[in-house]
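No lab work stands behind these numbers, since they all come straight from the coordinates. This structure is a prediction, so every number in the text was calculated from the model and none was measured. All Cβ positions, even for glycine, are placed from backbone atoms using ideal geometry, and neighbour counts span all protein chains on display.
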Amino acid sequence: MSPAPLPIAPGDALAPLRLPVPERVFRDRATRLDALAPDHPAGDWLRFLARLARGQDRAVRELRAPTPPRAGGGPPLAGALAASARSWRAALEVVLAAARDGPLPGPARAAVERLEAAAPDALEALAAQVPGGAPEDLAAAPVVGAALQVHRARLAARVDPGAVSPGAGSCPVCGGLPAASVVLGDARARYLSCGLCGAEWNLPRVQCPVCRDASRLSYLAIEGGRPGVAAETCDRCRAYLKIFDLAEAPGADAIADDAATLVLDLLVGERGFLRAGVNPLAPGGERAWTA
Ligand SMILES: [Zn+2]
Ligand SMILES: [Zn+2]
């Protein structure tokens, strides 16, 4: 059993930092992914991601919590990965079993088999590529990303918020990149949500998380698309990040809803913007799963 997570009141929307609650986040994500799947063109893939999320939830419940790294400078968890390789690989085994527990197209099945047969060194090499968002093995990456999320979320849940400096474009807890922004609470506060550890850090709205400029932002959305979803684009540095407004998209989850709105990334990419975030569950989208 892991110690109880630090209490972050749901109504405490202006806290500078919201730490993840591993016992809840993956279970809720699985529910969200299952809810997004019906009538979605990539519904089968979203159901596969839901299966991974259920595997993540199982790993949290069944595996011993990883040991927090010794504190140094910078984000408290920077370097936590190499320090406890065995812990994330134990999570990988549980997530792999969940991946197999349902239909898999040929390429995905082959990826699962590659991971099952891979030597520890090869797994570590793949794990090192996932945080950057451009892993070589795109079909295997979501399973590895899921295991890394379990590992980091459990470490992040135990971090002392007082030891964390404010963040901007990268996670102040683990150094990972955000998956997306969420806007929540009566205060309409904007939080960036770490794709790896799930910590959420406050950043004023209408500010580019990469260059901090506020003067050249635009919000692009798909006409007739899902409400409460936009890409916040910055004309100064040409970066963008999706933003989910929970008032209009209740129940939205940065990882799940990002995966369900990859069409928006295509549209924004065509206009020359570069994504400032990483979703470890969806680096190659549905295509990497089927082809
Ligand atoms: Zn993080
Ligand atoms: Zn910018």
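Give the residues of the stretch 154-179 that are within 16 Å of ligand 2 (Cβ to nearest atom) and assigned to a strand (DSSP E or B), sorted by residue number. Explain how you work it out, then say what you get.
First, the residues of the stretch 154-179 that are within 16 Å of ligand 2 (Cβ to nearest atom): 167-170, 177-178.
Matches in the stretch 154-179: PRO178 only.
Could we say that LEU104 is under 19 Å from the mean Cα position of the chain (by Cα) and either away from ligand 2 (no atom under 16 Å from the Cβ) or of a type outside the set (D, E, K, R) (or both) here? Give the steps one after another, and end with the answer.
On the way: under 19 Å from the mean Cα position of the chain (by Cα): no; either away from ligand 2 (no atom under 16 Å from the Cβ) or of a type outside the set (D, E, K, R) (or both): yes.
Taking the combined requirement at face value, the residue does not satisfy it.
I need the full set of residues from the stretch 215-262 which are aliphatic (A, V, I, L, M), away from ligand 2 (no atom under 16 Å from the Cβ) and out of contact with any His (no Cβ under 8 Å at 6 or more places or on another chain), in order please.
Answer for the stretch 215-262, where residues must be aliphatic (A, V, I, L, M), away from ligand 2 (no atom under 16 Å from the Cβ) and out of contact with any His (no Cβ under 8 Å at 6 or more places or on another chain): ALA221, ILE222, VAL229, LEU246, ALA247, ALA249, ALA252, ALA254, ILE255, ALA256, ALA259, LEU262.
Condition first: small (Gly, Ala, Ser) and over 24 Å from VAL95 (Cβ atoms). Can you find one or more residues in the stretch 245-256 that meet it?
Within the stretch 245-256, one or more residues are small (Gly, Ala, Ser) and over 24 Å from VAL95 (Cβ atoms).
Can you tell me which condition ALA147 does not meet? The list is (1) outside any loop (DSSP other than H, G, I, E, B); (2) touching a strand residue (DSSP E or B) at 6+ places or on another chain (Cβ under 9 Å), and all the others hold.
(2)
Determine which member of the set ARG190, ARG212 is among the charged types (D, E, K, R), under 21 Å from GLY74 (Cβ atoms) and within 16 Å of ligand 2 (Cβ to nearest atom). Steps first, please.
Values: ARG190 fails: under 21 Å from GLY74 (Cβ atoms).
Checking each option against the conditions leaves just ARG212.
Please report, ordered by residue number, the helices (runs of 4 or more DSSP H) entirely within the stretch 186-291 with at least 3 residues that are within 16 Å of ligand 1 (Cβ to nearest atom) and surrounded by 15 or more Cβ atoms within 10 Å (Cβ to Cβ).
In the stretch 186-291, 254-259 are the helices (runs of 4 or more DSSP H) which contain 3 or more residues that are within 16 Å of ligand 1 (Cβ to nearest atom) and surrounded by 15 or more Cβ atoms within 10 Å (Cβ to Cβ).
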